[in-house]
1. Within segment 315-331, track down each residue that is surrounded by fewer than 20 Cβ atoms within 10 Å (Cβ to Cβ) and over 18 Å from residue 86 (Cβ atoms).
2. Take segment 247-256 and flag every residue that is open to solvent by 10 Å² or more (accessible area, probe 1.4 Å) and under 22 Å from the mean Cα position of the chain (by Cα).
3. Please tell me if residue 334 is among the β-branched types (Val, Ile, Thr) and surrounded by fewer than 24 Cβ atoms within 10 Å (Cβ to Cβ).
4. Can you pull out the residues in segment 6-56 that are surrounded by fewer than 19 Cβ atoms within 10 Å (Cβ to Cβ) and among the aliphatic types (A, V, I, L, M)?
5. What is the number of the single condition among (1) over 17 Å from the mean Cα position of the chain (by Cα); (2) crowded, with 19+ Cβ neighbours inside 10 Å; (3) modelled with pLDDT under 95 that residue 415 does not meet?
6. Touching a Ser or Thr at 6+ places or on another chain (Cβ under 9 Å), under 23 Å from residue 366 (Cα atoms), open to solvent by 30 Å² or more (accessible area, probe 1.4 Å) and not charged (D, E, K, R) - does that describe any residue in segment 62-78?
7. Taking the criterion of being in contact with a helix residue (DSSP H, G or I) (Cβ under 6 Å, 6 or more places away or on another chain) and among the small types (Gly, Ala, Ser), would at least one residue in segment 160-168 satisfy it?
8. So residue 271 fits all but one of (1) within 17 Å of residue 254 (Cα to Cα); (2) open to solvent by 10 Å² or more (accessible area, probe 1.4 Å); what number is the exception?
Amino acid sequence: MKNLIINNTKIVTPLGKEAKKGNLMHDIEVIPDGCIIITEGIISYAGPMEGHPAVRPDEHYEVIDAKGNVSLPGFIDSHTHLIFGGFRPDEFEWRLKGDSYMSIMERGGGIQSTVNATREASKEELIDKAQWFVDRMSEMGVTTVEAKSGYGLDSETEIKMLDAISELADRPDQKVSIIATFLGAHAVPTEYKGHTTEYVDLIINEMLPKAKGKAKCCDVFCEKNVFELKDSRRLLEAAEAMGYSLKLHADEIVTLGGGELSAELGALSADHLLHVSDKGIQMMADAGVVATLLPLTAFALKEPYAPARKFIDAGAPVALATDLNPGSCFSGSIPLTIALACIYMNMSIEETITALTLNGAAALGMAHEIGSLEPGKRGDVIILGSDNYHILPYYVGMNCVKTTVHDGKVVTQNK
């Protein structure tokens with residue numbers, strides 16, 4: 001079905017083709033008795049029911065009566081590690097007993113454990129495993145998800161991961177758009193321990209050229225004793241020269257200056273930011289770098305939440321994402337992300353909606369085509385089982401999405 005009409009709906013959406021910054025994140029359009037028309041996958045009308053333009057008479061339209069329930073833009077999960085081999089439940093138990101994330105890495109667990117499993121997995125195994133997560137995401141209203149490489153840490157496996165992401169995205173009738181990010185600098189592999197500079201050389205000289213065209217963005221885990229500022233800058237500048245957009249895992253574990261670096265380089269986003277400095281916050285706000293905050297990870301690690309209010313008050317654009325991964329955050333729960341943002345990070349529901357839609361799109365460099373319900377944007381819509389969008393944090397951790405529409409087609413219908 002190419003064309004769709006959603007009638008009798010309460011439209012709730014941010015508007016625009018760029019990130020909403022600071023207090024503007026609170027500004028969302030609410031149309032009580034609305035109609036959304038999607039023609040050949042693109043929104044052609046989103047406005048009041050009364051007086052909406054006539055549909056094309058030569059085309060057939062599927063009609064959904066939303067019965068007064070809320071329609072939102074599809075959620076955008078702009079930071080995940082969707083492709084990986086193996087699982088790490090033993091490490092979760094270690095953390096429950098008090099071991100830190102970094103101490104687990106130092107004893108041979110952490111990212112390297114997943115690297116070993118991912119190197120051994122076939123591309124087909126990685127794809128089939130990821131599809132299960134994608135289907136669950138669609139049930140929760142996700143219509144676009146970012147998927148990082150970074151569990152290969154060698155040229156062969158990093159490219160295998162990117163090819164898996166591409167083939168997953170291209171599956172017939174895929175329910176979610178999947179955007180690849182190259183993260184070869186996720187950790188220093190065992191074979192390069194003590195030789196970080198040489199590993200960065202390998203990424204720049206071999207991996208980045210091979211990954212070009214397979215990934216839109218280049219990311220780096222900018223962290224003390226992993227990739228510190230000098231190596232992170234060198235890698236990202238090389239990536240930018242090759243045409244990549246830039247992203248950073250920044251200031252997650254210690255205050256290193258990753259936020260400041262993201263601003264200096266004009267990155268699309270800096271992510272995590274649990275320990276970002278006040279200077280970093282202001283520099284990111286001034287540069288328009290999206291602060292992508294990942295409350296599920298802080299929750300799972302029992303760490304303080306990122307300072308969402310400081311970012312918003314400084315005039316920065318804030319996005320929210322799940323950080324689904326097999327180690328520090330084995331969850332892709334959009335409902336819990338919303339609850340944590342509102343309850344513990346003091347974000348309003350309007351700011352949270354903007355962070356999971358338009359600003360998530362901006363964190364991927366895609367705000368011109370997704371992230372809001374307005375003509376010219378892609379037909380990605382979710383319908384809640386309620387006429388009140390405040391149910392999203394109120395129904396704590398529970399899924400409120402009834403229908404997910406991707407590219408103008410109903411892809412998930414929850415009972």
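1. Within segment 315-331, just 315 meets the criteria.
2. Initially, segment 247-256 is screened for residues open to solvent by 10 Å² or more (accessible area, probe 1.4 Å), giving 252-256.
Selection gives 252, 253.
3. Values: among the β-branched types (Val, Ile, Thr): yes; surrounded by fewer than 24 Cβ atoms within 10 Å (Cβ to Cβ): no.
When the stated conditions are applied, residue 334 does not pass them.
4. Residues satisfying the conditions are 15, 24, 30, 31, 42, 49, 54, 55.
5. (2)
6. no
7. yes
8. That leaves (2) as the condition not met.
The values are calculated or read from the model by the stated rules, or taken from the named source; none is laboratory data. This one's a predicted model, so the numbers in the text were calculated from it and none came from an experiment. As a convention, Cβ positions derive from the backbone with ideal geometry for all residues, glycine included, and neighbour counts pool all protein chains shown. Remember, those area values only see protein heavy atoms, side chains included, never the ligands or the DNA or RNA. Shrake-Rupley method; radii C 1.70, N 1.55, O 1.52, S 1.80 Å.
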